[in-house]
1. How many of the residues in the stretch D:23-49 are part of a loop (DSSP other than H, G, I, E, B) and without any contact (Cβ under 8 Å) to a residue 12 or more places away in the chain?
2. Report whether or not residue B:53 is crowded, with 21+ Cβ neighbours inside 10 Å and either under 28 Å from residue B:117 (Cα atoms) or within 14 Å of chain A (Cβ to nearest Cβ) (or both).
3. Name the residues in the stretch D:56-76 that are more than 17 Å from residue D:119 (Cβ to Cβ) and more than 20 Å from the chain's Cα centre (by Cα), would you?
4. Considering only the stretch B:114-134, state which residues are in contact with a helix residue (DSSP H, G or I) (Cβ under 8 Å, 6 or more places away or on another chain) and crowded, with 16+ Cβ neighbours inside 10 Å.
5. Please go through the stretch D:32-46 and give me each residue that is crowded, with 21+ Cβ neighbours inside 10 Å and touching a strand residue (DSSP E or B) at 6+ places or on another chain (Cβ under 7 Å), ordered by number.
6. With the checklist (1) at pLDDT 95 or above; (2) more than 24 Å from residue C:13 (Cβ to Cβ) in hand, flag the one item residue A:85 doesn't pass.
7. Name the residue that is farthest from residue C:113 (Cα to Cα), counting only residues in the stretch B:1-41 that are at pLDDT below 95 and away from chain A (no Cβ under 13 Å).
8. Do you know which residues across the stretch C:107-129 are under 22 Å from residue C:31 (Cα atoms) and part of a strand (DSSP E or B)?
């Protein structure tokens, strides 16, 4: 096992649904793009939200987020969401998610996720998630 | 009981979230506005989605919709959603929802709703919904 | 030139952003999926919204839409949007867009698009769009 | 002029459009609610986005945001968005926006807004905005 976090890349196309009357991508749309990025990162490693919830009763909730907007993206842009686990704790982790258009950094997000069971109690992150962070299971 | 349907009006303000890079309201946003309109119409008559589901296991699903877009609405416009039951059947009804800016008709929607129970089986519309249509209970 | 319309397929994954508290895909989300489908169909044939608007001043607006919901889709489903031009007129066309999960039909949409210039005047559909319909240019 | 910031309150109802398959309000929906809150706060003091842009060429862009999620809100909840200017600089300001359900704190947001002109150059915040912060104009 590496001690480096795995970096995932997801291409995201900008459609009218993502833009606003300012002619650019609406600021909350990047938060939807980030959700897609980390969901696909987890799926690539066998972690599927609906299935995990059904089989183990465990899910992730967003506890906090930060976003810094560097440049506006626009209609028809092809963006890339780069995601990796920046910090991992017992029951929570910080996912770093940087959104690029080619080499231009568009937005930097950090999403704090907490792992909870069906009683909404924080529980230890599963081993397959810890492995993504390059952390001991 | 009247045999006329009750007409409900809900004011809706247009924010950046509702617009797109064409500078106008995004076409799917009107469908969200319509949901707000008919939800408040039902609430005004004591029918609250979350509560009805919990108490009776009954809910509404959208089975079909039609929208005709007449004129574009824009950022900061104050719109009015006018809603009434245009047709009522045993387990389904058509809700007419016209969206205005002052006297200008912006969009005309018809939403077909079906009343279902927790097994997703169509069930008879409750009496308090039938009353809104001016129909016999 | 064929007289058969070209059929385009776009895969669309369902994320939390697309679902609602009913546990299924929110009815307006399918309308966003359809926009993605027809945008990629046009892009595959060299028609890019932002570029067409800049170079020719011509754009498409949604004049009407119809949706029939057949079955609910759910979180993590992989859907396919099948799009083709079902009717082509001088300045307008109907795009048929059927959304599937494997062989299950989830939703059927018809979107009426009008081609307009910068003065919002209806103009003749460009030849490359007519070609997609299998129609004479 | 007071040296206390003005606090604005906007009621926001939760609809299906705002929720997700987790049965609660989707995390990005609070960011849309916050936009509504600060837009109405500004409107109450004569500052209307579309009009300001047209008359002075000046607009606000979101440069950064932070959100802490305290408790989940649910379908049909009636929330209140409390907004005030927490920090004011030359061309930028931080808007604090706390979202409550009765006395329960649901989410705390801080939105950093920058005032820009039509060349996307940062410009001094207008006097009527500075007044809202209880700051010297």
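The values are calculated or read from the model by the stated rules, or taken from the named source; none is laboratory data. Owing to the predicted nature of the structure, the values given are computational and were not obtained by experimental measurement. Using ideal geometry, Cβ is built from the backbone for each residue, glycine included, and neighbour counts are taken over all protein chains shown.
1. Of the residues in the stretch D:23-49, 3 are part of a loop (DSSP other than H, G, I, E, B) and without any contact (Cβ under 8 Å) to a residue 12 or more places away in the chain.
2. no
3. D:74, D:75, D:76
4. Across the stretch B:114-134, the qualifying residues are B:115, B:129, B:132.
5. D:33, D:34, D:37, D:38, D:41
6. (2)
7. Residue satisfying both the conditions and the ranking: B:1.
8. Residues satisfying the conditions are C:107, C:108, C:109, C:110, C:111, C:112, C:113, C:114, C:115, C:116.
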